[in-house]
1. How much length would be gained if the chain were fully extended between L47 and I133, taking 0.36 nm per residue of separation minus their Cα-Cα distance, in nm to one decimal?
2. Filter K10/K61; K50/K74; K51/K160 down to the pairs with a C-alpha to C-alpha distance above 32 Å, please.
3. Using a simple spin-label model with points 7 Å from Cα along the Cα→Cβ vector, what separation in nm is obtained for K74 and F111?
4. Using alpha-carbon pairs under 8 Å, 6+ residues apart, how would you state the relative contact order of the chain in percent?
5. Please list, or write none, the lysines whose alpha carbon is within less than 18 Å of the alpha carbon of K148, excluding same-chain residues fewer than 8 places away.
6. Describe numerically, in nm with one decimal, the distance between label points set 7 Å from Cα along Cα→Cβ at E156 and at I104.
7. Counting Lys and Arg as +1 and Asp and Glu as -1, what is the net charge of the other residues whose Cβ lies under 9 Å from the Cβ of A115?
8. 222 nm [θ] for the chain, helices only, -39500 (n - 2.57) per DSSP H run of 4+, per residue, to 500?
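Bear in mind these aren't lab numbers, they're just calculated from the coordinates by the rules spelled out. All of these numbers come straight from a predicted model, not from anything done at the bench. Cβ coordinates were reconstructed from backbone atoms using ideal geometry, including for glycine residues, and neighbour counts include every protein chain displayed.
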Amino acid sequence: MRFIFLKLKKELIVITGGPGTGKTTIIDALIEQGYACFPEISRQITLEAKKQGIEQLFLEKPLLFSELLLEGRKKQHQQAHQDVSDIVFMDRGIPDILAYMHYIGDSYPAFFDQASREHAYSKVFVLPPWEDIYESDEARYENFEQAKLIFDHLIETYEKYGYQLIEVPCGTVEERIQFIFSQLS
């Protein structure tokens, strides 16, 4: 008797949105529930730069910051494919880097565009600006108006790469997670 094994397609799910929209809160809740998740790495890069005396790397050296972020997100993408889970959630994707570069009006080398084309995601969920939960902190320097502009650049950038974005409605963390899973089935 011959058995045919079908491997389920791995789902790489991006959760994106402007600053302060609840992405990390959702990722943290998914981690608590046992799901495979890759957290946002920009704060880690910023903290490492501060240890080296650079207060805000993204503002002082945006291309260097973006290159470090790109390498980290490419590594996360590779690790997500190697993960045993069928569904892996990611706090931001590679196109987020380009959206932020567009936001600040900076140019970037062609390898950024190439990386966005070569590292695909299954679905992209976008969290809209939500003033009621928005907070600034030491790593989030944007005000709410700037967060809305970043959101617009995120939409434009992901659509440029052919993604059909799924907007997650405002609500409790549980409601937002329930909505995300309702769109996966």
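1. On the way: separation 86, 0.36 × 86 = 30.96 nm, distance 2.36 nm.
Here the answer is 28.6 nm.
2. Working: K10/K61 35 Å; K50/K74 23 Å; K51/K160 36 Å.
Checking Cα-Cα distances, K10/K61; K51/K160 exceed 32 Å.
3. 0.6
4. 33
5. K23
6. The modelled label-to-label distance comes out at 1.7 nm.
7. On the way: positive: R73, K74, R117; negative: D113, E118.
Around A115, the charge tally is +1.
8. Details: 8 runs with 94 residues, N = 185.
Taking each H run of at least 4 residues, the total per residue is -15500 deg cm²/dmol.
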